[in-house]
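The values are calculated or read from the model by the stated rules, or taken from the named source; none is laboratory data. Just so it is clear, the model here is predicted, and its values are computed rather than measured. Here the Cβ positions follow ideal geometry from the backbone for every residue, glycine too, while neighbour counts run over all protein chains shown.
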Amino acid sequence: MNMTETDNFSEKESLKLIDEMIGKAKESYVTKGIASIVWGSLITFCGLANWVEVHYHKNFGDVWLLTLIALIPQIYFSIKEKKRKSFISHNEITINYVWIAFTFSMFITSFYFSHFRLGNVSPLIMMLFAIPTFIIGGMTRFRPMVFGGVFCFAASVTSMFTTVEIDLLLMATCGMVAWLIPGLIKWGKYKKGKSANV
């Protein structure tokens with residue numbers, strides 16, 4: 001079977017296509033670091049607000065419901081990217097499923113503990129923080145997230161032997177170390193790469 005030149009990609013065209021696909025993958029909501037910044041900021045804020053409630057005997061309502069806000073931009077950007085991009089890498093698909101599993105696990109764990117009034121949920125929540133962070137950090141070979149995952153595992157174990165006030169500060173620190181700081185590093189790299197390509 002004969003193939004014409006138009007049916008066959010040249011080596012240069014193939015490399016260009018691969019480069020475009022990589023470029024599109026790097027511009028995703030997750031890989032730019034925006035998702036990590038949003039989640040990290042909210043977890044840090046909620047942990048600190050909850051600490052203020054406990055320490056100063058205030059009542060702000062259930063501040064952790066604010067984490068639902070993080071789902072709004074995530075859903076919006078996911079839909080937007082799906083329409084814009086013709087190529088989605090296997091890593092991106094896996095990362096999305098990891099985050100979906102994490103979100104469901106968080107809500108099920110929180111509901112279970114509040115429904116049965118089982119006490120301090122902090123160690124399990126921080127363990128849940130660790131799982132997607134460690135997996136995604138390892139998948140993408142992004143050391144700040146791997147370190148963030150290890151930190152969350154360590155904080156989870158530590159919180160079994162500390163007071164609720166300390167647990168809330170540990171939770172806020174987990175949000176910073178696991179997501180906010182790595183997200184800012186990713187965003188900085190993305191912006192640097194963008195300006196270098198202009």
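Of PHE134, PHE113, all but one fail to be out of contact with any Gly (no Cβ under 6 Å at 6 or more places or on another chain) and among the aromatic types (Phe, Trp, Tyr); the exception is PHE113.
Considering every residue within segment 183-195, establish whether at least one is among the basic types (Lys, Arg), without any contact (Cβ under 8 Å) to a residue 12 or more places away in the chain, under 24 Å from VAL54 (Cβ atoms) and out of contact with any Asp or Glu (no Cβ under 8 Å at 6 or more places or on another chain). No, segment 183-195 contains no residue that is among the basic types (Lys, Arg), without any contact (Cβ under 8 Å) to a residue 12 or more places away in the chain, under 24 Å from VAL54 (Cβ atoms) and out of contact with any Asp or Glu (no Cβ under 8 Å at 6 or more places or on another chain). Of the residues making up segment 95-122, those that are over 24 Å from MET160 (Cα atoms) and either surrounded by 14 or more Cβ atoms within 10 Å (Cβ to Cβ) or not hydroxyl-bearing (Ser, Thr, Tyr) (or both) are ILE95, ASN96, VAL98, TRP99, ILE100, ALA101.
Per the listing ILE136, ILE125, ILE181, ILE131, the residue uniquely buried (at least 21 other Cβ atoms within 10 Å of the Cβ) and under 13 Å from the mean Cα position of the chain (by Cα) is ILE136.
Filtered by the rule that a residue be over 16 Å from GLY40 (Cβ atoms) and among the β-branched types (Val, Ile, Thr), segment 151-173 gives VAL157, THR158, THR162, THR163, VAL164, ILE166. Within the option set ASN96, ASN50, being within 30 Å of LEU170 (Cα to Cα) and either modelled with pLDDT of 85 or more or of a type in the set (D, E, K, R) (or both) holds for one residue only, ASN50. For segment 139-166, filtering for residues that are among the polar types (S, T, N, Q) and crowded, with 22+ Cβ neighbours inside 10 Å leaves 2. Contact map, segment 34-55: residues that are of a type in the set (Asp, Glu) paired with residues that are surrounded by fewer than 20 Cβ atoms within 10 Å (Cβ to Cβ), Cβ distance under 9 Å, separation 6+ or inter-chain. Pairs shown: GLU53/ASN59; GLU53/PHE60; GLU53/VAL63. The C-beta contact set for segment 121-135 (first residue under 15 Å from GLY47 (Cα atoms) and touching a residue at least 12 places away in the same chain (Cβ under 8 Å), second residue crowded, with 20+ Cβ neighbours inside 10 Å and charged (D, E, K, R), distance under 7 angstrom, 6+ apart or interchain) comprises SER122/ASP167.
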